[in-house]
Amino acid sequence: MNLLVEMGSSLISLAHDLFQPNFCPGEWVWATVMAGFLVGLLPALGAVLIALVRKGTGNTYNPVTLTVFGLIGGVFAFLLPWLYTMGTSETFLTVYGNGQVDVRRNAGTGLTIPEADSMGRGVCGWVDRQDYFLGGRPTVYEVLFHPFESGPMVLLRYAMLLVVPGIALLFVWLQARLAFRRGSKWPGRFFWVPFLAALLLSAAVKVNVATYMWIGLLLASVLGLLPLLVVGPPSWSVIERRQKAAGAAEQRRADQQRAAQQPPPPQQQQVRQQQKPPPYVPPSPPPPYVPPSHAQPARTPPPTKVAPQLPEPEPDRQALAALAADPGPLPFASEKPTTVLKPSNGRFQRLRQLGTGGFGTVWLAKDTQLNRTVAIKMAHAPDAETEERMLREARALAAVHHPNCVRVYDIVSEADGLGLIMEYIEGDQLAEVVHGQGTLSDLQAARLWLTMAGALTAAHAKGVLHRDVKPANVIVDPDGNPHLIDFGIARSKGDQTLTAAGMMVGTPDFLAPETATGATATPASDAWQLAATVSFALAGNPPRGVRENAMAALMAAAKAEPLSHLPQRSTHLRLLAASLDKDPARRPTLAAVQREMTAWIARAGQETAGPVTQVVPRAHINPS
């Protein structure tokens, strides 16, 4: 008994034990469907194994991981399905052949005598003998290229032999996509391409065996998606950790290659080279003696002045790594500044009030000395605590340099308190644009997410947390470009703010769950708020919906209530749901968001640079 028949008989016997209804077209025909179902579970098992491997490796695609994926795909999507399918066909062929030559039907099959004898019985009129129906008909290749039937039967044959396995291939492709979620999709070819090869090589299988096995295969391919959904993709923390490790390893290899290409130091060259001894040169005669009275005083050449080599100042890495702490951002040092603020002496002419926030009033003003329009934020109460907070905010914002972040010019002393002089961004709030023009498209939202993630990344690199990212703090200029500001110029309906000293900073409608419970803000908190802002731009509502007051919104944020207003039709829904996870460790970092959005925009055939909304006509902007 050869290997194929042994594998086929074990499979069809197991399938017969599991599923053997004794009605038309027959128990062994239905067992063939069950055998196809069992074969269809093999690719699903392979996809689950790949998903489990990626739980630990993330998006690390090196020779080792690719070899593992290739072996899993080759075994579970090609070798085992093809061998079991061919073996099942050979088993039925052997039983049918034994019946033709009048020998024991189970000879050389591995089946029991009752099992083999029951194949010679028919159940309905058009299946008089099951061994002939399954093992005595032509092969798939013969039926496709040399059909012996005509009329509707030919169309039915083509549908069962081409459409059904084609749909099964589609679901196996979906299994590969699920197994390689949150990463490059091209390694999925190691999985679905072998399965396609197994289908093509099954053309030598008997036609009825292939027909009924592929029906079961299709059912298993559909159900095979469920365990992949349960296993889920690798966590963003694993992806980031592996990516950083791969980048560090690549940098080490590059450094080693550069070091190998550089010539060795001169000392090493002298040691390596075997130089000949220099030729003998007789010593020159000593100079004649000169009496002391005629001797000239020896002149010592002045010493060469060498500039002192001052060591490069080491940056305070601990301070750079420390992010801003409540109640205000403090990027570099905790000591109070010693600079005495200079009075403005009427330099800034206030034109009109733009809005009132939790920490101050924002004015549109004119810099009479430089003849430019600026925005001035004045403190409500010029006490020591407010002054310290304003100074912290000024130093934090001055350290951030990004084209989509508001710039801080100066901080001065005015008659009614401290004045923070900053860039005036002409445009509308993102909240007003969404309410006026409608929600953003997926492309516009991708550009918004990418741009604002870059601005926040630049701030985090300087040790600055924003802590209040929301649609009211994103200004869209007339060219459609977004700009991140640190203070709300106006309030939209339902947008409540709690900014009391010692309590918290942030808007409950767009507040991360951990911040709402009183935990220290982190870059993951900013990432949550940015994702909530993007979700608002796509859906028109905060992700948790709008509450009737600030306290209700704060309680909803603290309890991490379900996200009921996500943009269900957006292609970014899955990444938004991951970024709005209540556990900060499971959220994708801003760097991961930038990579995902850049790749998505590239796949869409669009440019990353471009407006995030419709261009705002200047006539619609309030005149200054």
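Any read-out appearing in this document is the output of simple, stated calculations on the displayed coordinates, not a laboratory observation. It should be emphasised that the depicted structure is a prediction, and the values quoted were computed from it without experimental measurement. Please note: Cβ atoms are built from the backbone with ideal geometry, for glycine as well, and neighbour counts cover all protein chains shown.
Structure data summary
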quantity	calculated
In Hz, Karplus ³J(HN,Hα) per residue of segment 64-76 (6.51, -1.76, 1.60; θ = phi - 60°; x = Gly, Pro)	5, 5, 5, 5, 4, 5, x, 5, 4, x, x, 7, 8
Chain lengthening between Ile113 and Ser184 when straightened (0.36 nm per residue, less Cα-Cα)	20.3 nm
Where Rh is the Kirkwood radius over Cα pairs, Rg/Rh for segment 196-235	1.18
Relative intensity, log₁₀ I(q)/I(0), of segment 428-604 from a Debye sum that treats every alpha carbon as a point, q = 0.10, 0.17 Å⁻¹	-0.32, -1.03
Sorted by Cβ neighbour density within 10 Å, fewest at the top, the residues Lys185, Lys470, Lys366	Lys185, Lys366, Lys470
All-pairs Cα distance distribution in segment 1-235, expressed in whole percent, bin size 10 Å	8, 32, 31, 19, 8, 2, 0
Set Lys377/Lys470; Lys244/Lys559; Lys462/Lys559; Lys55/Lys244; Lys244/Lys462 screened for pairs whose C-alpha atoms are more than 28 Å apart	Lys244/Lys559; Lys462/Lys559
Rough spin-label spacing in nm, given labels placed 7 Å along Cα→Cβ, for Asp583 and Ala260	4.2
In segment 46-125, trypsin sites (Lys or Arg not before Pro) in a DSSP loop with at most 15 other beta-carbon atoms within 10 Å	Arg104, Arg121
Cα convex hull of segment 103-175 - mean projected area over all directions, nm²	7.6
Loop-located chymotrypsin sites (Phe, Trp or Tyr not before Pro) in segment 83-142, at most 16 other Cβ atoms within 10 Å (DSSP)	Trp126
Förster-model FRET efficiency, 30 Å R0, Lys559 and Thr598, C-beta, rounded to 0.05	0.30
R0 of 60 Å, Cβ-Cβ distance Arg241-Leu162: FRET efficiency to nearest 0.05	0.85
Virtual spin-label span in nm between Gln568 and Ala591, 7 Å along Cα→Cβ	3.7
Extension reserve of the Val101-Asn2 stretch, reckoned as 0.36 nm per residue once the Cα distance is removed	33.7 nm
Amide hydrogen neighbours beyond the local backbone of Thr139, cut-off 5 Å, H modeled	Val207
Where labels lie 7 Å past Cα in the beta-carbon direction, separation of Gln251 and Asn371 in nm	4.8
Length added when fully stretched, Thr520-Leu201, from 0.36 nm per residue minus Cα-Cα	108.8 nm
Ascending count of other beta-carbon atoms within 10 Å, so fewest first, for Met597, Met213, Met555	Met555, Met597, Met213
